[in-house]
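Working notes, beginning with the structure itself.
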Amino acid sequence: MIKSFFFWGCPALRAGRAVSQLAIRSALRRLWRLGLAPRATAAHPSAASLRSFAAASPPVLSKIDRLKKNQMIKYSKSLCLALAVGLFAPSLKAQINDVGTELVKPFKAQLAESKKQEAQPLLPDLDTSAGQKITYLVPERIVSVNYPEPNIRPLAMPVPKPPKSLNFYTKAGIGYPLSPLLELSYHNSNSDKFRFGATAKHHSSQGNLEDQVFGETSLNLQGDYFLSNGLAVGGALNMDLNNYRYYGYHQLLENLGDSLYPFAQDSSGLAEDSLKQRYLTVGANIHLFNAKSNKQEMNYRADLDLYNTSSYHGVGELNIRPRLVFEKWLGNSRSPQHRLFANAELLYSRYTTTDSSQSRSLAQLHAGADLNFGNFKSRLGARLGSNAGQFFVLPDIELSYAVLGGQFIPYAGWSGSIRENTLMQLSTYNPFLDTERLHWEHTQESRFYGGLKGKIKRLGYDFNVSYANLSQQPLFYNTVESNYLKFGLAYDTLSRLTVAADVELQIMEELYFKGALAFNNYSGGTAEVAYHLPVLESSFGLKYKKGNLEVGADLFVNAGVPYLPALGTESETLGGLFDLNLNATYWLGKGEQQRFAFFVEGNNLLNNKYQRWYLYQQLGINGKIGVIAKF
C-alpha cells in the first residue's frame, strides 16, 4: 500500500522514493527546533498554519522575540531558496527505504586534505660511447661477382647528348720525296634535323725512282634528313681518282740485263701511255633507315648503291647493289637480349673492255640470331644465295663462354662467306693490274675457327686458329703480254691454315702497346704455290700521350711472298719487310682549347726495299711535316 503525505502544499513523498521536495522538509525541521514552524492541518496545512502564526504574533516584540523574528525571516529566505532549488532540480533523487526516513543533516561533499605527490623522473645514463672506436672482426672471403657484357644497341638505348663537337678539320703538309698532303673536312653534326658532311683528300709523291709516282684524290659528300615520324632519308656522292705508273721496268732491267729484255737502258723504249694507269670511281647512294627506336624494338635500313670504275686503258665496270638490313631485339634492359637479323642484297656487275664485255650477278641472304644467355653467347645463322647461277648454302655458327667475368672467353665457329672481286676492290689491293686481260670471279670461303680471347686488367688479347677452304681464290702473276710489268689473275681452289694473335696492353696511364700477327700456310690447288698471297704479316705499335704531346712508333714485319719470275718456270720468294716508322704531334693550348697542332712523320727509316709485288719496290726513306687545325 502506498501512502501519501502532503506537506506545505507540496507533492507527496511516495513510499520507497525520495522526491525533489525532500530539501523543503529538511528546512522545516530547523523551524520546529526553534518552535516557529506552524502545524499543518489535513485540509490546508500551509494556509492554517500561517493564519495561526499571524494571530499569535504580539504587536510589540521583546529583544528575544526580535531575534527569533530575524531568525524566522532568515529561515524563510532559506525556505524560499529551497523551494526554488526543489522546483528546478528534478534530477536530484535519493533512495529511501520507507516513508518514515528522516534526514538529520544535508550531505555536503568535501575534499579531504591530502599530501601532494611529486613525480621524480629518472633520467637515463649518458652514452659516452659515441666517440669511441668500434672494432669489428669480419672473416675474409673471396666473392665472385659476374659482370655480363653489355649489349650495345645504338638505336634502342638512350644515349646522353654529347658535347658540342667541332665542325671543321684540316691537315696540310709537305714531304720528302716531294709529296704534298691536304685533307679538308666539314660536318654539321650539331643539327638535329639535318646532317651534312664533306671530305676532300689529296696525297701524291714523286718517289725515289723515275716513274715511281702515285697520286690519290678523293671527294665525298653525304647528308641525312630526319623526319618527325622517326625515319631518316639520305644520300651520298663520292669520287676517287688514283694515278699510278708501271715503274717496275727498273728492277726488270736489273734482273735480266739488256740482252734478255727488249727495252733500252731506260724507259725510252716504252710508250708513255703504256706506263700510265688511272682508276676513276664515281658512285652514288640513297638510303632510308629508322633514326629512333620504336615500340617493336626493330631497326631497318634500305640502300641502293651505284658506282662505276674505269681505268686509263678503256676498261670499265658498272656495279648496282640494292640492300636491305633488318634486326629485331628480344628481351628488356633487365635481362639478356637476343637479336634476330636478316640482310638481303643483290650485286650486279658488268665489266667491259675495248672489244668484249662480261656480266655476273651475286644474290645472297644472310639471316640468323645472336643469342645472349649471360656468360654463354651464340650465333646461329646461315648465308644462302646464288653466285653466277650456282646456288650455295653456307653456315654462320659461333659459340662462346665467358669465364671469370670475361677474363677468358673460349670460342669456336664455322662460317662461310662470299668475297667479292671487283675492279674497284682488286685495284685497291694491287694497283698494277693488267686490266685489259682480266676475268672476274667471286671467291667462296668456308672457315672453321676457334680461339681464346678476353681482357685481364689492362691486357686485351685474342688468339685463334682457323682452317679455310677457298674456291675461286685469285692468284697474281706477271703477264708476258705486258712485258711482265702488269699482273693478271689466275683462280684456284686451295686450303689455308691460319694462326693469328692480337694484343692490346696499357703499359702505363700514358703508354699503350698494340700488336697483331698472322701466319698463313696454303696447300692444295693446281698452282705450284699461292702466288703473291701473304704468308706472315705482323705489326707492332707504341703510342705515348702526355699533355700536349703525342708520340708514336710502328714496326711492320712481313715475310716475302712467293712469285713466278719473268722468263722463269719455278717459283721464288721475295725479300721480307722490316719497316720502322716514327711520328709526333704537338697541340697548342689545353683541353678543349686545343685547336692547332704541328706534326712530323718519318717512314721506312731503315730504307727497306721490300717488294709486295714483284718488280715494284716500296718507297725508301720518306717523311712529312705539317699542321693540323680544327674549329
So Phe263 clears everything in (1) open to solvent by 50 Å² or more (accessible area, probe 1.4 Å); (2) modelled with pLDDT under 90 except one condition, right? Which one?
(1)
Out of curiosity, is Leu619 among the aliphatic types (A, V, I, L, M), out of contact with any Phe, Trp or Tyr (no Cβ under 6 Å at 6 or more places or on another chain) and under 25 Å from Leu256 (Cβ atoms)?
yes
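Residue-by-condition table, conditions (1) in contact with a Lys or Arg (Cβ under 7 Å, 6 or more places away or on another chain); (2) among the hydroxyl-bearing types (Ser, Thr, Tyr); (3) farther than 26 Å from Val499 by Cα:
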site: Ala530; (1), (2), (3): no, no, no
site: Val535; (1), (2), (3): no, no, no
site: Ala597; (1), (2), (3): no, no, yes
site: Gly626; (1), (2), (3): yes, no, yes
Residues Glu550, Glu601, Glu592: which one is free of Cβ contacts under 8 Å to residues at least 40 places away in the same chain and in contact with a strand residue (DSSP E or B) (Cβ under 8 Å, 6 or more places away or on another chain)?
Glu550
Looking at Tyr244, is it part of a strand (DSSP E or B), modelled with pLDDT of 90 or more and open to solvent by less than 80 Å² (accessible area, probe 1.4 Å)?
yes
Filtered residues of the stretch 200-217 (kept if open to solvent by less than 50 Å² (accessible area, probe 1.4 Å) and more than 17 Å from Gly173 (Cα to Cα))
Asp211, Gln212, Val213
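Here is a list: Tyr449, Tyr522, Tyr467. Which entry is within 27 Å of Arg383 (Cβ to Cβ) and open to solvent by less than 50 Å² (accessible area, probe 1.4 Å)?
The conditions single out Tyr449.
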Given the conditions (1) surrounded by 17 or more Cβ atoms within 10 Å (Cβ to Cβ); (2) farther than 28 Å from Asn607 by Cα, report the number of the one that Lys457 does not fulfil.
(1)
Of residues in the stretch 456-483 being of a type in the set (D, E, K, R) and not in a strand (DSSP E or B), the one modelled with the lowest pLDDT:
Glu481
What single numbered condition from (1) small (Gly, Ala, Ser); (2) under 30 Å from Leu438 (Cα atoms); (3) at pLDDT 95 or above fails to hold for Ala342?
(2)
Condition (residue is under 41 Å from the mean Cα position of the chain (by Cα), touching a residue at least 12 places away in the same chain (Cβ under 8 Å) and closer than 30 Å to Leu365 by Cα) applied to the stretch 478-496: is it met by at least one residue?
yes
Considering only the stretch 349-370, I want to know if a residue exists there that is touching a His at 6+ places or on another chain (Cβ under 7 Å) and without any contact (Cβ under 8 Å) to a residue 60 or more places away in the chain.
yes
Condition (residue is among the aromatic types (Phe, Trp, Tyr), at pLDDT below 90 and within 22 Å of the chain's Cα centre (by Cα)) applied to the stretch 141-152: is it met by at least one residue?
yes
How many residues are without any contact (Cβ under 8 Å) to a residue 12 or more places away in the chain and touching a Phe, Trp or Tyr at 6+ places or on another chain (Cβ under 9 Å) if we restrict to the stretch 553-589?
1
Filter the stretch 314-329 down to the residues that are of a type in the set (D, E, K, R) and either over 40 Å from the mean Cα position of the chain (by Cα) or within 16 Å of Ser293 (Cβ to Cβ) (or both) and list them by number.
Glu317, Glu327, Lys328
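Residues are listed down the side, and each one gets a yes or a no for (1) under 30 Å from Asp434 (Cα atoms); (2) in contact with a Ser or Thr (Cβ under 8 Å, 6 or more places away or on another chain):
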{"site": "Gly331", "(1), (2)": "no, no"}
{"site": "Tyr351", "(1), (2)": "yes, yes"}
{"site": "Leu362", "(1), (2)": "yes, yes"}
{"site": "Leu365", "(1), (2)": "no, no"}
{"site": "Leu371", "(1), (2)": "no, yes"}
{"site": "Gly374", "(1), (2)": "no, no"}
{"site": "Arg379", "(1), (2)": "no, no"}
{"site": "Asn387", "(1), (2)": "yes, no"}
Residues of the stretch 405-416 being at pLDDT below 95 and either open to solvent by 20 Å² or more (accessible area, probe 1.4 Å) or in contact with a Cys (Cβ under 9 Å, 6 or more places away or on another chain) (or both), in sequence order, are Gly405
Check Ala584, Ala597 and return the single one that is aliphatic (A, V, I, L, M), buried (at least 17 other Cβ atoms within 10 Å of the Cβ) and in a strand (DSSP E or B).
Ala597
Just one listed residue, out of Leu567, Leu574, Leu606, is crowded, with 18+ Cβ neighbours inside 10 Å and within 27 Å of Leu252 (Cα to Cα), and it is Leu574
Keeping to the stretch 472-483, report how many residues are closer than 21 Å to Gln444 by Cβ and either touching a Pro at 6+ places or on another chain (Cβ under 9 Å) or open to solvent by 50 Å² or more (accessible area, probe 1.4 Å) (or both).
1
Is the stretch 291-309 home to any residue that is touching a residue at least 24 places away in the same chain (Cβ under 8 Å), hydroxyl-bearing (Ser, Thr, Tyr) and closer than 30 Å to Phe214 by Cβ?
yes
How many residues, within the stretch 525-560, are open to solvent by 50 Å² or more (accessible area, probe 1.4 Å), of a type in the set (Asp, Glu) and either within 22 Å of Asn464 (Cα to Cα) or under 34 Å from the mean Cα position of the chain (by Cα) (or both)?
2
Looking only at the stretch 484-519, which residues are open to solvent by 60 Å² or more (accessible area, probe 1.4 Å) and either outside any strand (DSSP E or B) or more than 19 Å from Ser538 (Cα to Cα) (or both)?
Thr493, Ile507, Met508, Glu509
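The values are calculated or read from the model by the stated rules, or taken from the named source; none is laboratory data. Here the structure is a predicted model, which is why all the values come from computation and not from measurement. Note that each Cβ is placed from the backbone with ideal geometry, even for glycine, and that neighbours are counted across all protein chains shown. Accessible surface areas use protein heavy atoms only, side chains included; no ligands, DNA or RNA. Shrake-Rupley method; radii C 1.70, N 1.55, O 1.52, S 1.80 Å.
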